[in-house]
Ligand code: BTN
């Protein structure tokens, strides 16, 4: 299949509602979008790169972004979204990715709280939302999504080789099934659908349904100490409820570790 990133296909499949820029290579699509915002340019909705030289993940990590093998995209979410709803953006994006992947490929992607997408034991997608102040007019959010489509082996840095995979190497997705353009458009459409009534939090039902964490023994970091507990539910704001030996705690953000069977 010809899997060249194509602006027209994405425009057509998203109903021409977005201003889209596509690059062969960027340091990071999030960086590019943030540069635009800082310079007062807020008319580009979606930036996509075929490769990134300095793709960034959460907690200062890198995100491997080899050319032609993944989706590296950043959406601008303008400050007109209420702040309490802005907190839901990453959970909404996770649900949008899972719905898009399941619909287009049949692959049973799941969400590892807070916003990593896994297939089985391996991570295939990460989400990095960054708030950017736009000069007294509130905050914009740059929503970065990275999906490993066909990346494998030494395309991943050594430190993630044991846990990273891609749609193709999950063994359930065939490269001729669906192009990166179609996946990008579907993620955007699913995300916009959720955002059209995000305050109702209807998507949280799918966030729970597709969680690979609820009911599992997990560990989370508190004051530099790993605490063990059982993840029991996700609340309507996307927070993770964990039963520990000291009682129930609610995690709103952060990192958890779980053993996947
Ligand atoms: C994570 O796994 O912690 C989040 C990874 C987010 C990667 C995407 S790729 C597009 C956008 N640009 C970046 O530099 N990062 C995000």
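The values are calculated or read from the model by the stated rules, or taken from the named source; none is laboratory data. Owing to the predicted nature of the structure, the values given are computational and were not obtained by experimental measurement. Cβ: placed from backbone, ideal geometry, glycine included. Neighbour counts: every protein chain shown.
Within segment 53-67, can you find the residues that are more than 8 Å from the ligand (Cβ to nearest atom) and modelled with pLDDT of 95 or more?
Residues of segment 53-67 that are more than 8 Å from the ligand (Cβ to nearest atom), as a first pass: 53, 60, 62, 64, 66-67.
Selection gives 53, 62, 64, 66, 67.
Return the residues of segment 119-135 that are farther than 18 Å from residue 253 by Cα and assigned to a strand (DSSP E or B); say none if nothing qualifies. Walk me through it before giving the result.
Applying the first criterion (farther than 18 Å from residue 253 by Cα) to segment 119-135 yields 119-124, 132-135.
119, 122, 123, 124, 132, 133 - these are the residues of segment 119-135 that are farther than 18 Å from residue 253 by Cα and assigned to a strand (DSSP E or B).
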Quick one: residue 205 ticks every box in (1) in the same structural domain as residue 90 (by TED's automatic domain parsing); (2) touching a strand residue (DSSP E or B) at 6+ places or on another chain (Cβ under 7 Å) bar one, so which box is it? (2)
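Among the residues that make up segment 90-102, is at least one of them surrounded by fewer than 19 Cβ atoms within 10 Å (Cβ to Cβ) and modelled with pLDDT of 95 or more? Working first, answer last.
Step one: filter segment 90-102 for residues surrounded by fewer than 19 Cβ atoms within 10 Å (Cβ to Cβ), giving 102.
Next, from what is left, pick out any that are modelled with pLDDT of 95 or more: 102.
Scanning segment 90-102, I find at least one residue that is surrounded by fewer than 19 Cβ atoms within 10 Å (Cβ to Cβ) and modelled with pLDDT of 95 or more, so the answer is yes.
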Taking the condition within 16 Å of the ligand (Cβ to nearest atom), at pLDDT 95 or above, surrounded by 20 or more Cβ atoms within 10 Å (Cβ to Cβ) and more than 18 Å from residue 58 (Cβ to Cβ), does residue 203 pass? no
Log entry, pairs with first residue in segment 49-78 being not assigned by TED's automatic domain parsing to the domain that holds residue 187, second being more than 12 Å from the ligand (Cβ to nearest atom) and in a strand (DSSP E or B), beta carbons closer than 6 Å, six or more apart or on different chains, reads none
Kindly check whether there is at least one residue in segment 170-185 that is more than 18 Å from residue 114 (Cα to Cα), within 14 Å of the chain's Cα centre (by Cα), touching a residue at least 12 places away in the same chain (Cβ under 8 Å) and within 12 Å of the ligand (Cβ to nearest atom). yes
Among the residues of segment 8-34, which ones are modelled with pLDDT of 95 or more, more than 18 Å from residue 66 (Cα to Cα) and surrounded by 15 or more Cβ atoms within 10 Å (Cβ to Cβ)? 9, 10, 11, 13, 14, 20, 21, 33, 34
Working only within segment 23-52, note down all residues that are more than 10 Å from the ligand (Cβ to nearest atom) and in a loop (DSSP other than H, G, I, E, B). 39, 40, 41, 42, 43, 44, 45
Residue by residue through segment 136-165, note down the ones that are within 13 Å of the ligand (Cβ to nearest atom) and part of a strand (DSSP E or B). 141, 142, 143, 144, 145, 146, 147, 148, 164
